[in-house]
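Just below is one structure, and these are the notes that go with it.
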Amino acid sequence: VACRKPYTSCQPRSAITRYPPGSRGWSSETYSSMANPEVSAQMQEFIQRESQMAQVQQMIATLTDVCWDKCVSSPGTYLSSKETTCLENCTKRFVEVTQFIMQRAAHKAGESSGF
């Protein structure tokens with residue numbers, strides 16, 4: 001059977017694989033891996049690493065926006081020494097404040113959990 005429409009299946013509808021309702025196409029292997037604590041721990045570690053990377057990327061984006069807007073009045077082909085110094089100081093302050101806030105939040109979380 002020749003397909004005349006792009007992006008359509010050439011198979012008759014009866015030949016298309018169907019999954020049981022609610023399964024979303026997951027196999028029994030997927031369910032067994034969810035029950036495996038080793039895989040679950042690996043998944044949690046992966047999610048934690050990805051979350052940390054996303055936080056770092058968000059911090060860099062915020063840092064870039066804040067410091068660029070504060071220090072660079074009109075972009076040119078190079079940064080002046082004044083702009084470079086401003087960007088360095090702004091970056092240092094931003095990182096220090098972020099670290100302080102994170103340490104303070106961790107301290108508060110430790111106090112509230114009773115440790």
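What to note about this one:
- Flag for Leu79 being part of a helix (DSSP H, G or I) and modelled with pLDDT of 90 or more: no
- Out of Thr30, Thr91, sole residue that is at pLDDT below 85 and either assigned to a helix (DSSP H, G or I) or open to solvent by 100 Å² or more (accessible area, probe 1.4 Å) (or both): Thr30
- All conditions in (1) part of a helix (DSSP H, G or I); (2) among the polar types (S, T, N, Q); (3) surrounded by 10 or more Cβ atoms within 10 Å (Cβ to Cβ) hold for Ser73, with the sole exception of (1).
The values are calculated or read from the model by the stated rules, or taken from the named source; none is laboratory data. Keep in mind that this is a model prediction, so the values were computed, not measured. No Cβ is skipped: glycine too gets one built from the backbone with ideal geometry, and neighbour counts run over all protein chains shown. When the accessible area is computed, the model is the full protein with side chains, heavy atoms only, and any ligands, DNA or RNA have been set aside. Shrake-Rupley method; radii C 1.70, N 1.55, O 1.52, S 1.80 Å.
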